[in-house]
Each structure stands twice: as structure tokens, then as C-alpha cells.
2 protein chains.
Amino acid sequence: MPTIKDVAKLAGVSIATVSNTLNGGRYVSPPLRSAVLSAVRSLGYVPNGVARSLRRRHTQTLGFLVPDITNPFFSGLVKAVERAARKQGYQVLLSSSEENPELEFDLTLALASRQVDGLIAVPTGDSTEYLEHLGLPVVLLDRIGRSESLDRIGVNNAQAAQTGTEYLLAQGHRRILLLVSTLELANIRERVEGYRRALEAAHLPYHPEWVVACGREANSVEAAITAIQTHRPTALFAATNRLSLIAVRAIRHLRLAFPEEISLLGFDDFEWSTLLEPYLTTVVQPLEAMGSTALELLLARIKDNDHPPQTLLLPCELAVRQSVARA
Amino acid sequence: MPTIKDVAKLAGVSIATVSNTLNGGRYVSPPLRSAVLSAVRSLGYVPNGVARSLRRRHTQTLGFLVPDITNPFFSGLVKAVERAARKQGYQVLLSSSEENPELEFDLTLALASRQVDGLIAVPTGDSTEYLEHLGLPVVLLDRIGRSESLDRIGVNNAQAAQTGTEYLLAQGHRRILLLVSTLELANIRERVEGYRRALEAAHLPYHPEWVVACGREANSVEAAITAIQTHRPTALFAATNRLSLIAVRAIRHLRLAFPEEISLLGFDDFEWSTLLEPYLTTVVQPLEAMGSTALELLLARIKDNDHPPQTLLLPCELAVRQSVARA
DNA sequence: ATGAAAGCGCTAACAT
DNA sequence: ATGTTAGCGCTTTCAT
């Protein structure tokens, strides 16, 4: 690979002139300028970004840490963040922690060592403490934990779940099972809280057993099946996209008429859900806005670290389609 | 951010000793070693990977270029590649070209400028020429084009499509529509070829009109609907995961009994396809093997660039489920 | 308007 | 067994 020296030699100028014509640092006379340009072309010179970053002391690069690139919710977020970053002249280094906290930690360190200018993180758990002492601008996205010292972009989970539950209630459902992955995630706990609030507002009892923890594995459908058999709900509220899948499998396993005998409300919208018939009614999260707002906050913090951390909770919407019938 | 100098000063040693205890380069006596380690801890020192890479002249980093991170086929590939890379001590920089050749080119240059040690690419089109002159080890994955000078890992598309078609034929189907995105992709053309070969082997006519180009957008269902109406097939072969979605929508739009009146065979398996009932029978590509083999070839080429390029075509399997009925 | 040279933080060759 | 130093490729200050 040719270096700036090779270009300078071939063009018969100093390396400073090469640098300046390429970066527009200072005026370069047309003759030298074109000599440089043609040398660049003929050598196929590409500036060494590593050397450049070392010297400039920033990389124009952001880290983005997600739990699972394979989940359409996160890959949607990735797309949104990348697009927004690109517009601002930043590249993003994506790391997938596979929901593994140790791997997450290692990846974060790797990102930091790569000298990313900032980091957007969707942590695997709610233990975000180490992110606060990273010495790097960090914004938490989606799983925003309880950190008061970091910028955070999330969604009003309680509100969204309450709205969803209220819709189910309005359709006449009284026995509603809430399918959750794990209560370890604050997001999930908040959704439970929203569900509970909707029930209370309607003066209906809240049954803790109706909140069914199905685990984080895609194939753990047994818990859902058992819960449906014992509690005989008329509607299921799946707190996560994966849980919609589990709900569907359980419904089929039990040969229930869908949505006549049992309705389903999902959380997180995703393209492939249209394979399901009837079309899935879901609470939809504003992926695009979440991504672009996270980027804004991060860029603001990179530019100036001397302002108090912000927390933004974006609203969700309910997309009414076909999977919820009147009870 | 503290540097190696700060650590050396605090530990009362030379920077060489810091470097050596951290990298295990040469023997460091226990007392100095522990002095360094505690200085590292108390400063929260993280080595500057940019400086390290500049000096070492490699980055232990691989680039991976995919057309669309949002497509489960590619995100599956990403997972496989990342896992394999991690095992070998490499990090991967993921870039999503969004099926845009110009963006792809820019991203590739950005990757090169970041000094990745090698690149795995799933190009947007078949124009891979610029990749051959990157001056960087490159392996082509999935969309392997016709480059003879690069290592390539693909799948035997023709064979796979032929097997799929033969299965449809064996189930008694004679009017089989092949749904494709665009004939611009060599992969797709090969799948058409496999379909044609299966027909010929069965002494059945090949109707070019039965190969329906639906475009690359997810919502272009009209072409499929029209084709089904005019050709009255008993089976659909969707050449791509997105096309399964389109096929399903078309089937529903026409209110055909599925799979009794019309069968569906997919290509590319993906988790969310289980939302579909009956479960989708598909040709499945060996994602894990594709990813890990691509990585192996790339690492081999990084280690030693003086061997002829290889092309490996991996076999696909047919996962028989429920969406194909007997005709 | 351009060149020379310092230095970003690190590793490795050279010294002792 | 450890310290000193050159230099990776670039940007930028200083000099002319």
C-alpha cells in the first residue's frame, strides 16, 4: 500500500502539500494540486485512516452495541442509526453482544480501544455502571436502565403497554395473559406495570400469575401453553416480537381458533409478521426516531460534554390490524 | 484518557515494561509486573488500539460488507462470521450497503482506509471488479459473481433450485411458477437454470413466462398476483426469503386454499417463517458453514497471499415441512 | 505558497 | 531483566 510519502515523491512535492490538497487544509496552487491528484490516482493511494486518527485524535467513528443483530427490532435500530450517522459524516462500528454480558464488556473495551468518538449502547442487562466510567460519551438506547449520569433514549414502555391493554379491554377482553421474556429487564417490568395500570384503571383485578415468563429462548413455548390451559384467557399480549412467535405456536398447538377464540396483541412491529394471518395488531416502537435521536444526543455530547444528561422517552403507537377480535 | 506514559510514570518503570507486561512480549519480573498492573487499574488505562495498529501494521480487524443487515439471511451470515472471527481473535467491522453500489464503494474504501486486514463481501451487484484491485485480501460470499481472481464461497444455486423443483415435481406439480426478484443477480439466474434443468430432466416444457420477476421491493406483489391469475399454477417456488412473503400475500389476495389449491416452496430458511401456517417448506442454505468457511479462506489469504484463488460451492438442503401439498 | 519537522501512542529493535 | 529510542503514516505548527 502506498503512503503519503510515495505520493509526494511521485508528484515532486512535500507531504504537507499532499495532505493539504487532499484535506483542503490550506491553499495549494493548481499545478501542484493536479500533480498530487494524478499521483494519487496512479498509485491508487488511499489515506491511512489509522495514522490519520492517531494524529487527529478522533476517529469520526461511533460504536453501536446491540444485544442481537438477528432480531429485527435491533437491526431496524441499526439501520436508523447508520443512516443518521452517515449524514453527519460518522461511520459506525457495530458490535453484537449476543445477550452475553461478558462479551458485551469485552466488545465495549474493544470499541473504546479503537478510539470510537462515542458509543450508543443497548445493554444486555440493566448493569450499565461500567459504561458510566468509560471516559467516553455514551448514550443508552432502548434498555436505558436507571443510570442518571448518561444520556438515554427510550420508549414509554409503561404507557405503551397500558395503551395496548386498554385496547384489549375495550374490545371486551377480561382474561388477558401478558407474555414476557424475563422480568430481569426493566423494559419488561415497565410493560408489566403498564398492563397492571390499565387493569386497575378499569377496576379489574391484577393476577400476577397471568404474567407469564417464557424465557429468552425462542423455543420456550411450554410455559405459554400451560398458562393458556390453566387460565383460559381470551387474549394474549406478547411483550416482545419473539413472544408473538411463541404465542402463535402455543395457539396452534392448542388448536384454538385465532382470533375468534383467542386474540393476540404484539409489541414491536416487523416486516415478517405479515406472514401471520390474521395480520398482527401491534404496539409499534418508533425505530427511526429512536435511532436518530440517540445519534443527536451523542453528537451533542461529543461536541460539548458540559451539559446535564438527558432522558428522552418517545411515544409508541398502536397499529390496529386483525389479530384482536371482540371478546 | 491515560496513555502508556502515564502508566509507566505511575508504576515507576519504562514504557517498554508496560507494553511487555500487557502484551507478554518478554519476561517482566513479578514486582514490576504487579506495579504496572495496579497502575493500569488505578488509571483505568485502555491501550490505544489506533496507535497499536499503526505500529503493528495490522489491525486484527476484518471488514464485512453486506447488502442489507435487516434481511435475516444476511444477519444470519453476520452472526456466523462474527462468531468465527472472534474465535480467531479478529474483530469485524460490519457495513451495510443497502443494495446501493455507490454506497458500497464508499464503504469499501472506508474499510480499506481503516486498514482492515481483509474483507468479506456480499456485493450488491455482480460488478466486483474494483474489489479485485483493492490491494487487500478479499473473499466474496454468497454473491460470488464471475471473478476468477478472488476467493469465493457460495452455494450451488442451480443444484439447490433443481432439487427444490424436483421435489415439487415428485409431489405431482406440473404448473410451477418460479418467483424471482431480479435477473440481474447471478445467483437468481442460476436458480432459474436449476429450475429449468429439473423441468428438462422430467421432459417437461420450460416456459419463460413462468419465471416471474417481482422486483427487489418487498411490496411488489402485483406481478405475482397477475402471473398466478394468468398461468394458474399449482405450486409456487419463491427464489428468495422476501419472495416467500410476496407469494403468501398473493395467495391470500386471491383467496386460494393453501396449500390445497396452491403449494409454496421457499428459499432461505428463517426463524420468523414459522409464523406462517402451514409451515414453510424451504431450501435451506448453510449459513453457519458459509460464514466460517469464508473466514477460513480469508485468514488463509491474509497469512499467505501466494496461492491460487479458490471457489467453494456449498450444498443446500431441503427442509420438508407443510407448505407443499400433493397436486 | 510551500517545505521541514514535531509528535499522536504505541511496539520492537537496540542497548546495557 | 529492563531502559532508550526509532519509526509506523499522518496532520499541523513553524519556518521561509
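Bear in mind that the values in this text are calculations on the coordinates, not laboratory data. Since this is a predicted model, take the numbers as computed values, not measurements. Virtual Cβ from ideal backbone geometry, glycine too; neighbours counted across all protein chains shown.
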How would you rank B:Glu190, B:Glu317, going from fewest to most other Cβ atoms within 10 Å of each one's own Cβ?
-> B:Glu317, B:Glu190
Of A:Ala112, A:Ala202, A:Ala11, the most mobile residue in a GNM of chain A (C-alpha springs, cutoff 10 Å) is A:Ala11
Residue-normalised 222 nm signal for chain B, counting each DSSP H run of n ≥ 4 as -39,500 (n - 2.57), nearest 500 deg cm²/dmol, is -13500 deg cm²/dmol
Gaussian network model of chain A, springs between alpha carbon atoms under 10 Å - residue of A:Tyr27, A:Tyr279, A:Tyr45 with greatest fluctuation | A:Tyr27
Beta bridge orientation in region A:196-322: antiparallel %, DSSP, nearest 5 | 35 percent
Hz values of 3J(HN,Hα) by residue in region A:206-217 - Karplus curve (6.51, -1.76, 1.60), Gly and Pro given as x | 9, 9, x, 5, 7, 9, 9, 7, 9, x, 9, 7
Order of B:Ser292, A:Ser127 from fewest to most other C-beta atoms within 10 Å?
-> A:Ser127, B:Ser292
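Under unit Cβ charges (Lys, Arg +1; Asp, Glu -1), what dipole magnitude, rounded to 20 debye, does region B:157-285 have relative to its Cα centre? Before the final figure, lay out each step's value.
Values: 12 positive and 14 negative charges, 59 e Å.
Magnitude of the dipole: close to 280 debye.
Taking a temperature of 4 °C and a viscosity of 1.567 mPa s, what whole-number D in µm²/s does Stokes-Einstein yield for region B:4-47 with Rh from Kirkwood over alpha carbon pairs? Please report the intermediate quantities before stating the final value.
Values: Rh = 9.8 Å.
Translational D for this selection: 132 µm²/s.
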Which distances in nm, rounded to one decimal and ordered from shortest, link the label point of B:Leu318 to the equivalent label points in the other identical copies, with labels set 7 Å from Cα toward Cβ?
-> 4.7
Just check region A:161-203 against the gyration tensor rule for me: Cα atoms, a ≥ b ≥ c as the square roots of the eigenvalues, rounded for a/c under 1.5, and otherwise prolate or oblate depending on whether a/b exceeds b/c.
-> prolate
Of the residues A:Glu166, A:Glu296, A:Glu222, which exhibits the maximal mean-square fluctuation in a Gaussian network model of chain A defined by a 10 Å Cα contact cut-off?
-> A:Glu222
If each residue's Cβ is checked for other Cβ atoms within 10 Å, how do B:Met1, A:Met290 rank with the fewest at the top?
-> B:Met1, A:Met290
In nm, the gap between the two label points placed 7 Å beyond Cα toward Cβ at A:Lys87 and B:Ala186 is 3.7 nm
Global geometry of the protein assembly as shown, whether rounded, prolate or oblate, following the gyration tensor of its Cα atoms and the 1.5 cut on a/c = oblate
If R0 = 45 Å, then A:Glu260 and B:His231, at their Cβ-Cβ distance, give a FRET efficiency to the nearest 0.05 of 0.85
Just for the protein assembly as shown, what percent of DSSP beta bridges are antiparallel, to the closest 5?
-> 10 percent
Mind listing the long-range amide H neighbours of B:Val139? Cut-off is under 5 Å, sequence gap 5 or more, other chains count too, H placed in the peptide plane at 1.01 Å from N.
-> B:Leu119, B:Ile120, B:Ala121
Would you mind classifying region B:157-285 by shape? Square roots of the alpha carbon gyration tensor eigenvalues, ordered a ≥ b ≥ c; an a/c under 1.5 is rounded, otherwise it is prolate if a/b is larger than b/c and oblate if not.
-> rounded
Residue pairs, from the table A:Lys5/B:Lys303; A:Lys79/A:Lys303; A:Lys87/B:Lys79; B:Lys79/B:Lys303; A:Lys5/A:Lys79, whose Cα atoms sit over 29 Å apart | A:Lys5/A:Lys79
For A:Val211, other-chain or 5+-apart residues with amide H closer than 5 Å (H placed, Pro excluded) are A:Leu178
Relative contact order, percent, chain A [alpha-carbon distance under 8 Å, six or more residues apart] = 17 percent
Dipole of chain B (Lys/Arg Cβ +1, Asp/Glu Cβ -1, origin at the Cα centre): which of B:Pro30, B:Ala250, B:Val18 lies farthest to the positive side?
-> B:Pro30
Segment B:Ala170-B:Ser113, length gained on full extension (0.36 nm per residue, minus Cα span) = 15.2 nm
Give me the percent of DSSP beta bridges within chain A that run antiparallel, rounded to the nearest 5.
-> 10 percent
Specify the inter-centroid distance of region B:74-130 and region A:132-156, based on alpha-carbon positions, in whole Å.
-> 29 Å
Could you give the size of the charge dipole of the protein assembly as shown about its Cα centre, using +1 on the Cβ of each K and R and -1 on the Cβ of each D and E, expressed in debye and rounded to the nearest 20?
-> 1440 debye
Suppose every K and R has +1 on its Cβ and every D and E has -1 on its Cβ; what is the size of the dipole of region B:129-215 about the Cα centre, in Debye to the nearest 20?
-> 380 debye
